[in-house]
Number of protein chains: 2
Amino acid sequence: MKTGILYGISVGPGDPELITLKGLRLLQSVPVVAFPAGVRGNRGMAEQIVAQWLNSNQVQLALTFPYVFDDAVLSSAWQVAAEQVWKYLEIGQDVAFACEGDVSFYSTFTYLAQTLQLLHPEVKVQVIPGVCSPMAAAAALGLPLTMRGQRLAVLPAIYTVGELEAVLDWADVVVLLKVSSVYEQVWQVLQRRNLLNRSYVVERATLPNQAIYTNLCDRPNLQLPYFSLLLIQAG
Amino acid sequence: MKTGILYGISVGPGDPELITLKGLRLLQSVPVVAFPAGVRGNRGMAEQIVAQWLNSNQVQLALTFPYVFDDAVLSSAWQVAAEQVWKYLEIGQDVAFACEGDVSFYSTFTYLAQTLQLLHPEVKVQVIPGVCSPMAAAAALGLPLTMRGQRLAVLPAIYTVGELEAVLDWADVVVLLKVSSVYEQVWQVLQRRNLLNRSYVVERATLPNQAIYTNLCDRPNLQLPYFSLLLIQAG
């Protein structure tokens, strides 16, 4: 029997209308739609984004990816998820994995696909690109992210001040993803470098509760949600 | 009279199905669709992408943006284009500017919008994010662009070898946009650093004539088209 295809569908930053036509077509064409399970009984972000596009005949498969750094725990979770998906693929059913933002950009889909390809090398994977959060944030701000010869740096989050300093020396535009846990340290660096008035925070870009902070001078300790991004025009 | 809105519509990397639902809805809702004019009688990339989505009642406005570095020439072209767009906005008609890739990412739209806002400060601009070329290239390659704590650097193109060397010292993943004019120099750097087997070229991502080069060791002087991108997994 022909095995099914695993589609990695980028569903965009939050607004359900920011999925691509191709992503939506494939999402609606498969019998099984998978997504990361939410935490504490809440629906996950990708699940919320695609909810309105699914029909009642589609199997919905919530896969658990724990928010931990322990490699053994993570690896075990990816294996369980991969086998859950494989159950459908091996009987010839296509599975669409819905992933917030873009599937290739710091995404859970990568680990799922890599684990599945390791366990079942015959698996076919196809990826549909989408809108990533830096583009959504720039659009929300009404600013260009990059122009002309500008050099862009993206950091998933900052752990050392030294690392941020090095990036600010080199790049014209710096994006810090998921900045909430390190915001106070970052603010200190930006103040020292006189960059607070050229820095912007976007919370939950494109969602109804989106929030924007365009002047950070008086905000040394913003309390930010997980999906927050800081954009610095350093150059 | 209420003036019209200028929409910056990101139409994605090439495949017309990679526009977002929101981008398409707005594109089809306006009386006037603008885009960069093609060169030498050919249709421009954005024009080709949106052609199938337009209807015959919509005005199509090709705006000329010369491919030069001369600031005076560019500035004058942006002013002419801005006034062409303003003619419609000032009589209350909305204009959608179609832009390949993402509107905030090294885009012609930025100069048009900034010039228009300078000439007519009352103008309203709204930007719809889209799929940018690095995401499209990663999807085409079937590779993640970035994972976990990886640091990403994007350069519009390389002019000095020293600059590329500095970026390779710092970033885990490096994307070189529009690499065609500097490919041979870049290849030398990658060879010296033993990175050729972790580097990938994608030409015209997502278009029917897309081409991928996954092994650059024997390709010191690839002849590449303008829309070519090089992805380096350096980390």
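No value in this document is a laboratory result; all are computed from the given coordinates. What you see is a predicted model, and the numbers here were worked out from it, not measured in a lab. Positions of Cβ are backbone-derived with ideal geometry, glycine not excepted, and every protein chain shown enters the neighbour counts.
Comment: the Cα-to-Cβ extended label point of A:R198, at 7 Å, lies 3.2 nm from its counterparts in the other copies, nearest first.
Distances between placed amide hydrogens fall under 5 Å for B:G44 paired with B:G38, all partners being 5 or more residues away or on another chain. In terms of the mean number of neighbouring beta-carbon atoms within 10 Å, the peptides B:25-34, B:190-199 order highest first as B:25-34, B:190-199.
Taken residue by residue and averaged, Cβ atoms of other chains lying within 10 Å of the Cβ of B:120-129 number 4. Comment: the Cα-to-Cβ extended label point of B:L119, at 7 Å, lies 5.9 nm from its counterparts in the other copies, nearest first. Using the Karplus relation 6.51 cos²θ - 1.76 cosθ + 1.60 with θ = phi - 60°, the per-residue 3J(HN,Hα) values for the stretch A:182-196 come to 10, 4, 5, 5, 4, 4, 4, 5, 5, 5, 4, 9, 6, 10, 5 Hz, with x marking Gly and Pro.
When you filter the trypsin sites (Lys or Arg not before Pro) in the stretch A:61-156 for DSSP loop state and at most 13 other Cβ atoms inside 10 Å of their Cβ, you are left with A:R148. Averaged over the residues of peptide A:19-26, the number of Cβ atoms from other protein chains lying within 10 Å of each residue's Cβ is 5. Residue by residue along B:101-110, Cβ atoms of other protein chains within 10 Å of the local Cβ number 6 on average. Would you mind classifying the stretch A:3-114 by shape? Square roots of the alpha carbon gyration tensor eigenvalues, ordered a ≥ b ≥ c; an a/c under 1.5 is rounded, otherwise it is prolate if a/b is larger than b/c and oblate if not. Oblate is the answer for the stretch A:3-114, as a/c is 1.5 or above yet b/c matches or exceeds a/b. In a Gaussian network model over chain A where Cα atoms closer than 10 Å are linked, find which of A:P220, A:P156, A:P208 has the largest mean-square fluctuation. Its mean-square fluctuation being the largest, the pick is A:P208. Which shape class applies to the protein assembly as shown: rounded if a/c is under 1.5, otherwise prolate when a/b exceeds b/c and oblate if not, where a ≥ b ≥ c are the square roots of the Cα gyration tensor eigenvalues? Note, shape of the protein assembly as shown comes out rounded.
What separates the A:K87 label point from its copies, with the point 7 Å along Cα to Cβ, is 6.3 nm, written shortest first. Determine the relative contact order of chain B: mean sequence separation of Cα pairs under 8 Å and six or more apart, normalised by residue count, in whole percent. Dividing the mean separation by the residue count of chain B yields 22 percent. Calculated mean residue ellipticity at 222 nm for the protein assembly as shown: -9500 deg cm²/dmol, from DSSP H runs with n ≥ 4 weighted as -39500 (n - 2.57), summed, divided by the residue count and rounded to 500. Measuring between their Cα centroids, the stretch B:78-151 and the stretch B:191-210 lie 26 Å from each other.
In this rough spin-label picture, where each label sits 7 Å from Cα along the Cβ direction, the B:T160-B:T64 distance is 3.6 nm. Remark on A:Y7: its backbone amide H falls under 5 Å from those of A:V95, A:A96, A:F97, A:Q126, a criterion applied only to residues 5 or more positions apart or on other chains, H modelled at 1.01 Å from N.
With each label modelled as a point 7 angstrom along the Cα→C-beta vector, the B:V80-A:Q93 pair spans 5.9 nm. Backbone phi angles across the stretch B:27-35, fed through the Karplus curve with coefficients 6.51, -1.76 and 1.60 (θ = phi - 60°), yield HN-Hα couplings of 4, 7, 8, 9, x, 10, 10, 10, 6 Hz in residue order; Gly and Pro are listed as x.
Rounded, prolate or oblate, given the Cα gyration tensor of the stretch A:3-58, with a/c below 1.5 counting as rounded?
In terms of gyration-tensor shape, oblate.
Label-to-label distance for B:Q117 and A:L119 is 4.9 nm, based on points extended 7 Å past Cα in the beta-carbon direction.
Which residue fluctuates most in the GNM of chain A (Cα springs below 10 Å): A:D70, A:D102, A:D15? Checking each option, the largest mean-square fluctuation is seen for A:D70.
Backbone phi angles across the stretch A:60-70, fed through the Karplus curve with coefficients 6.51, -1.76 and 1.60 (θ = phi - 60°), yield HN-Hα couplings of 10, 10, 8, 9, 8, 10, x, 8, 9, 9, 5 Hz in residue order; Gly and Pro are listed as x. Restriction of the GluC sites (Glu not before Pro) in the stretch A:77-158 to DSSP coil positions whose beta-carbon has at most 11 other beta-carbons within 10 angstrom yields A:E122. Amide hydrogen proximity for A:C132: with H placed 1.01 Å from N in the peptide plane, the residues at 5 or more positions away or on another chain lying under 5 Å are B:C132.
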